[in-house]
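What follows is calculated from the coordinates using simple rules that are stated; it is not laboratory data. Remember, it's a predicted structure, so these values are computed and weren't measured experimentally. Glycine also receives a Cβ, built like all others from the backbone with ideal geometry; neighbour counts cover every protein chain displayed.
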Amino acid sequence: MRAKLLIAGLSIAFMSSTAFASKTPYDEILKKMIPPNINYTVKVEKNSKIKGFNQLNVAIENKKFGVIVHRYLWISKDKKEIIPVLLTYENGKLKRIEPKKQIERVKVDLKWLKELLKELPESAKKSYGKGTDVYMFSDPLCPFCKRQLPQLVKLAEEGKIKLHILPFDVHGKKANEASAIFLDIEKKEGLKAAIDKVESASFKDVENIIKNTKNLKELKKKYSPIIDKIAKAAIQHGINGTPATVVMYSDGKGYMLMGLSNVDKFIKKK
């Protein structure tokens, strides 16, 4: 096995958090590698891949998003040598040696989202389907949002989730215009119609609906305060891209999922 191992890398990256580092025998070393104010725990594995080195499972928690990232780190028993990355070479391929469970997700308090919803008009909070509340921060010009939406719509149609869409523009002026149109359709025709005509529509169709909306300036003026309020809350709580999906349970807690996500497995964990 030793012949298949390759030591590589000079640094290790962790996610930021707002908690504090735990007390461990390795703090003097870890504090030079992990940014300050990071919450982490350390477990020494029973069997190390390298003789003479302790194999540490360092778990770093991002409390804001409810994510715990597990990474291996090897420290010599005299604490003079550190190996942050270890690769194995098998069948002509390099592979990083990592814990079986690399990422864990835990529930977070979604009080901020509940406060945001209180400030939004009822017309911007319409839903589709029944079940667990799922809020998707979506940009009408985001290609990944258009890949995420079909799964959420399907779950809503199956009665597993109550889907809500919160416009969050990251693709500039046209996205902002399309979001204003989306909110207007949602108000007049319901959420599903707004999803079909804007959020799930092709880029060409979005361009056309923007081009053919004669009262666009009026809509932008009317709905910009709502769009701005959503954006401000999202950014303040770490959402800086789309899609971002929040699964919220009746107790006000839930999961924050960044990027394309398999939402189905989270709605079953109540």
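Applying 0.36 nm per residue to the separation of V44 and K232 and subtracting their alpha-carbon distance, the gain on full extension is 63.5 nm.
Partner lysines whose Cα lies under 20 Å from the Cα of K79, excluding those fewer than 8 positions away in the same chain, are identified as K23, K31, K32, K43, K46, K49, K51.
Sorting check: for 200-210, 55-65, 152-162, which peptide has the highest mean count of neighbouring beta carbons within 10 Å, and how do the rest follow? Intermediate values should be presented prior to the final figure.
Numbers: 200-210: 14.9, 55-65: 19.6, 152-162: 17.9.
Packing order, densest peptide first, comes out as 55-65, 152-162, 200-210.
Please compute the length gained on full extension between R105 and E157, using 0.36 nm multiplied by the number of residues separating them and subtracting their Cα-Cα distance. Present the calculation step by step, with values, prior to reporting the outcome.
On the way: separation 52, 0.36 × 52 = 18.72 nm, distance 2.60 nm.
Full extension from R105 to E157 adds 16.1 nm.
Other residues lying with their Cβ under 12 Å from the Cβ of G252 contribute a combined charge of 0, Lys and Arg counting +1, Asp and Glu -1.
Relative contact order, whole percent, for region 153-248 stands at 29, derived from Cα pairs under 8 Å and 6 or more residues apart.
Based on DSSP H runs of at least 4 residues, each adding -39500 (n - 2.57), what is the mean residue ellipticity at 222 nm of the chain after dividing by all its residues, to the nearest 500 deg cm²/dmol? Mind dumping the intermediate values first?
Details: 8 runs with 84 residues, N = 270.
Using -39500 (n - 2.57) per qualifying helix, the result is -9500 deg cm²/dmol.
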